[in-house]
1. Would you give the gap between the C-alpha center of the range 41-60 and the C-alpha center of the range 63-83, rounded to a whole Å?
2. In nanometres, what is the gap between the two model label sites at Leu61 and Val31, each 7 Å from Cα along Cα-to-Cβ?
3. At 1.4 Å probe radius, can you tell me the per residue accessible area of the range 5-103 in Å²?
4. Classify the chain from the C-alpha gyration tensor, please: rounded if a/c falls under 1.5, else prolate or oblate depending on whether a/b exceeds b/c.
5. How much FRET efficiency would the formula 1/(1 + (r/R0)^6) give for Asp23 and Asn85, where r is the Cβ-Cβ distance and R0 is 22 Å, rounded to 0.05?
6. How much FRET efficiency would the formula 1/(1 + (r/R0)^6) give for Lys8 and Ser106, where r is the Cβ-Cβ distance and R0 is 41 Å, rounded to 0.05?
7. Per DSSP H run of n ≥ 4, the term is -39500 (n - 2.57); total these for the chain, divide by its residue number, and report the mean residue ellipticity at 222 nm rounded to 500 deg cm²/dmol.
8. Ignoring ligands, DNA and RNA, please state the percent of accessible area on the range 5-103 from carbon and sulfur, probe 1.4 Å.
Amino acid sequence: MSETIFSKIIKREIPASILYEDDLALAFRDVNPQAPVHFLVIPKKPIVKLSEATIEDQALLGHLLLVASKVAAQEGLTGFRLVTNNGEEAGQTVFHLHIHVLGDRSFTWPPG
Ligand code: AMP
């Protein structure tokens, strides 16, 4: 996999507003927020997209959800929305798996 901007954020080669970090995951604010609170949760392992994750990644994927919830609470959110775009046709632009966490506004359904 070619290096993405998120690998550079993990390595601190480019700046980001980091909210949480552990051995497996990083959470940082989205540079182009779509809600008053909008951050991304990524694995440090460079998985291209969800559909390329394997059974070996099962615990890691669960961990990312728990990090999303923990950081959402840290940000004062009770209701929030998680979004993962898988592939170009779904709107994925950075090919390093990430979960968008959006909050502090109301959301419509179905999503656009
Ligand atoms: P997606 O379109 O689902 O692949 O989401 C990629 C997200 O990464 C977009 O919401 C971008 O605003 C965000 N993004 C791109 N570059 C950066 C960056 N350097 N720091 C923080 N967020 C970024």
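1. 18
2. 2.9
3. Numbers: 5330 Å² over 99 residues.
For the range 5-103, the solvent-accessible area averages 54 Å² per residue.
4. Numbers: a/c = 1.40, a/b = 1.25, b/c = 1.12.
It comes out rounded by the Cα gyration axes.
5. 0.30
6. 0.75
7. Taken over the chain, the calculation gives -6500 deg cm²/dmol.
8. Working: 2950 of 5330 Å².
With neighbouring chains kept in place, the figure for the range 5-103 is 55 percent.
The values are calculated or read from the model by the stated rules, or taken from the named source; none is laboratory data. Given the structure is predicted, the values throughout are model-derived calculations rather than measurements. Note that each Cβ is placed from the backbone with ideal geometry, even for glycine, and that neighbours are counted across all protein chains shown. All accessible areas refer to the heavy atoms of the entire protein, side chains included, with ligands and DNA or RNA removed. Shrake-Rupley method; radii C 1.70, N 1.55, O 1.52, S 1.80 Å.
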